[in-house]
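The values are calculated or read from the model by the stated rules, or taken from the named source; none is laboratory data. These figures come from a predicted structure and were not determined experimentally. Positions of Cβ are generated from backbone atoms using ideal geometry, with glycine treated the same way; all protein chains shown enter the neighbour counts.
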């Protein structure tokens, strides 16, 4: 019986084709099949790198059916690479059902590192990155979106969303209505010619989006900064100790020490320390 082959999770460029890795090209060239979110879209990438591997579609509407078939092929010795339209598969893209089933059936799964819009945008945003949460796309309906945003009112770490061009203005308007002057950063066209980061209040971003219809085009990453922590909610002696410790160790570690000593929240102390420095 043929040995079970491997399912490879292969990130692809989010814009600039030079961002694909040599390993990704090698894997895509050597596997028996490439499962692509949209084979027509991926054909351009594969043609650019002269990759002639057979492709089949795997998207949200056929993932269950495709998973059964691909697992049989993998167990029969045919290796498979999973790709999405751009970036890392499974991150707000199909693939979870397939990976879970492979794990359940003992089929090897190997994930290659590579491009991811959420991480790329966050790393250049200027917002705190010691702790953050990625929540995919916000709900389409206004009331559901406002409900989700309301959960951020007291959140003391950065939150990252993806957003479509047709909804970006409505989303930022809702952020302003629910969260007020909270600092946000919106990134678009990452790694492309017109890559743009807009940072400031929600109103600043709204002004940018309304300034030119072209500003509302492209794929967006929306990052919402943490709620400001009032120093008054933290005992003055805790702030004094935090300040003293920061002379001898990083803020993150100092916040953890003070939090343990005074039974306070580490994230609140960390944010208070950041605010004190600014």
* To do: Answer yes if at least one residue in region 230-250 is touching a residue at least 24 places away in the same chain (Cβ under 8 Å), within 14 Å of residue 131 (Cβ to Cβ) and crowded, with 17+ Cβ neighbours inside 10 Å, and no otherwise.
  => no
* Quick one: which strands (runs of 3 or more DSSP E) sit completely within region 155-201 and have at least 3 residues that are touching a helix residue (DSSP H, G or I) at 6+ places or on another chain (Cβ under 7 Å), surrounded by fewer than 19 Cβ atoms within 10 Å (Cβ to Cβ) and without any contact (Cβ under 8 Å) to a residue 40 or more places away in the chain? -> none
* Could we say that residue 268 is crowded, with 18+ Cβ neighbours inside 10 Å and at pLDDT below 90 here? -> yes
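Residues that are in contact with a helix residue (DSSP H, G or I) (Cβ under 6 Å, 6 or more places away or on another chain), outside the structural domain of residue 267 (by TED's automatic domain parsing), over 21 Å from residue 269 (Cα atoms) and at pLDDT 95 or above: does region 136-143 have at least one?
Going through region 136-143, the residues in contact with a helix residue (DSSP H, G or I) (Cβ under 6 Å, 6 or more places away or on another chain) turn out to be 138-139.
Okay, now just the ones that are also outside the structural domain of residue 267 (by TED's automatic domain parsing), so 138-139.
If we keep only those that are over 21 Å from residue 269 (Cα atoms) too, we end up with 138-139.
So of that shortlist, the ones also at pLDDT 95 or above come out as 138-139.
Yes: one or more hits.
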* To do: Taking only region 84-110 into account, find how many residues are surrounded by 15 or more Cβ atoms within 10 Å (Cβ to Cβ) and under 16 Å from the mean Cα position of the chain (by Cα).
  => 12
